[in-house]
Amino acid sequence: MGCMEFSFKDLQFIVEAIGCLSEKYQERLDAIEDLDEDEASDLGNDCMFLELLCQDIEKKLAESVSQTIPATPDILDTPNKLLAQTEKI
């Protein structure tokens, strides 16, 4: 079975969906924390898993952006050059 390829937009959508799911899990965890230790433990583990998954996807997104935008000194210095030109006017 091969690995699925996701676009940049796909990954952004997944990160947003994970964030929404994490919020719901956290709300449920807050509501049952003192009532059902087993479910609270399961939800806590799921929250940690979702957080790590989200961090991994965000890291891949950042790597994707850094690969498409070359980080050369000229490009990084462009805003400073533009600012210097505007100050001369």
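Taking (1) open to solvent by 80 Å² or more (accessible area, probe 1.4 Å); (2) at pLDDT 90 or above in turn, Thr86 satisfies each apart from (2).
Looking only at residues in segment 7-29 that are open to solvent by 100 Å² or more (accessible area, probe 1.4 Å) and not basic (Lys, Arg), the one that is farthest from Leu52 (Cα to Cα) is Glu27. Residues that are aliphatic (A, V, I, L, M) and modelled with pLDDT under 90 were ranked within segment 37-67; the one that is farthest from the chain's Cα centre (by Cα) is Val65.
Close Cβ contacts (under 6 Å, 6 or more residues apart or on different chains) running from residues in segment 1-21 that are free of Cβ contacts under 8 Å to residues at least 40 places away in the same chain to residues that are in a helix (DSSP H, G or I) comprise Ile18/Leu50; Ile18/Cys54.
The values are calculated or read from the model by the stated rules, or taken from the named source; none is laboratory data. Because the structure is a prediction, the values reported are computed rather than measured. Cβ sites come from the backbone with ideal geometry, for glycine too, and all protein chains shown count toward neighbours. What goes into the accessible areas is simple: the full protein's heavy atoms, side chains included, and nothing from ligands, DNA or RNA. Shrake-Rupley method; radii C 1.70, N 1.55, O 1.52, S 1.80 Å.
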